[in-house]
Amino acid sequence: MAHVRAVQRKGGTAYEVRWRGDGATFKQRTFATDKEALDFSHEVRLTARDVGTANHLAGKSKTFREIAEASSAASAGRLKSKTASGYELGYRVHIFPTFGKRQINSITSLEVEKWLRGMETKTSGHTGRPLAPASVHACFIALSKVFAYALKHRLLPVNPCAVVDKPRLQHAEPVFLEPDQVAVVAGALDHEHPYGLIVRFAAYFFKPALRELGLPAVRWHDLRHFYASACAAAGIDIRKVSRWMGHASVNTTDGIYTHLFSGDHETDMDRLDALARRPFLVRSLASTTRG
C-alpha cells in the first residue's frame, strides 16, 4: 500500500512515502532518512489496517503544543493545582521538545513508543539519576491526554498511545526498622541534642500523642506541610523554601504549595506605584532605553 522512493532535492537526497488514500488520489510525506521513511510506511499500513484509513497522516493540522494548551485550558477548572502543575512540567521538560512543534495528526504510535523507551532511560538533570517510573508514567498519561482531547474533537481518528504498552509503576515495599535499629540511629544522634529524642518520638510517641490530644491522625511527613505553611505565612521566598525542603526543583514546591505563596501582590503593586511617582527616574530610564 505504501511505497518509499528516493528523490534528489537541492539540499541532498530525500525519501518520499506515497500511498493511495480513500479515494483515487495519492497521499505523500517526505523524510530526511530512508529509515524514517520505512518506519512511517510501516505505520501507514498498520493504521490503514486497524483504523480503516491513513488519510490523516498526510494532512495539515494544528501542532501538538496548540492542542495541549487547548486541552489544559479546557480542564483547568477540574484539575487540582498540583495535578495541573505536574502536567505543565511534563509537557515543558519532557514532551514539547519532541512533539511540541509537530502536527498532531502526523505523530505515530511508533514514534510514541520510541519516545517512551527514551524516557525510561533518560537521566534527570536535577538528580543525575534515571527518571523515576512514576515520573515516566505521569508523562505518558499527560501525552495520551492530549491525543484523547484531539480524538474527542475529531482531529484524529485514533489515539496513537492506545496501542503502546503503558510504563509500569514499581511499588516499593515499605521498609520497617527493628527496635534495635531505631536505638542505634537514636544513639548515634544523642550527641546532637535533641535529634536522638526526635527519632525515638517519631518511632514510638507521635501517633499515641495525637490520639491522647484528640488530634487528627496525620503522618509524620505531614509536618513538612506545616513547615511550608509557616514559611509562606512569614513571607519567605518560595525559592528559599524549596532549597530548605530539599526539593529537586522549585517547580515541585510550587506545584504542591502554590496556594500558600500566591498572596495578593499588594506590596509589589505599591512598589511599582512608588516608582511611577518618581518622574526623574522614569525619564532617565526612558532615555536609556531609547539610547
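The values are calculated or read from the model by the stated rules, or taken from the named source; none is laboratory data. These numbers come from a predicted model, not from an experiment. Note that each Cβ is placed from the backbone with ideal geometry, even for glycine, and that neighbours are counted across all protein chains shown.
Listing for the model above:
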item	result
Scan of the stretch 142-159 for residues that are farther than 15 Å from K62 by Cβ and not hydrophobic (A, V, I, L, M, F, W, C), ordered by number	S144, K145, P157, N159
Unmet criterion (only one of (1) over 26 Å from S124 (Cβ atoms); (2) at pLDDT below 80; (3) outside any loop (DSSP other than H, G, I, E, B)) for L223	(2)
Looking only at the stretch 175-203, and only at residues there that are without any contact (Cβ under 8 Å) to a residue 24 or more places away in the chain and not in a helix (DSSP H, G or I), the one that is surrounded by the most Cβ atoms within 10 Å (Cβ to Cβ)	D190
Test: residue in the stretch 140-153 that is surrounded by fewer than 13 Cβ atoms within 10 Å (Cβ to Cβ) and more than 19 Å from the chain's Cα centre (by Cα)	yes
Residue in the stretch 138-150 that is outside the structural domain of I107 (by TED's automatic domain parsing), among the basic types (K, R) and closer than 27 Å to I67 by Cα present	no
Among residues of the stretch 204-224, those that are closer than 22 Å to G246 by Cα and touching a residue at least 12 places away in the same chain (Cβ under 8 Å), counted	2
Residue check, T30 assigned by TED's automatic domain parsing to the domain that holds T53 and either under 17 Å from I107 (Cβ atoms) or among the aliphatic types (A, V, I, L, M) (or both)	yes
Residue in the stretch 52-62 that is outside any loop (DSSP other than H, G, I, E, B) and either within 17 Å of D165 (Cβ to Cβ) or in contact (Cβ under 8 Å) with a residue 40 or more places away in the chain (or both) present	yes
Members of the stretch 8-37 found to be at pLDDT below 90, in contact with a strand residue (DSSP E or B) (Cβ under 6 Å, 6 or more places away or on another chain) and of a type in the set (A, V, I, L, M), listed by number	V17, A37
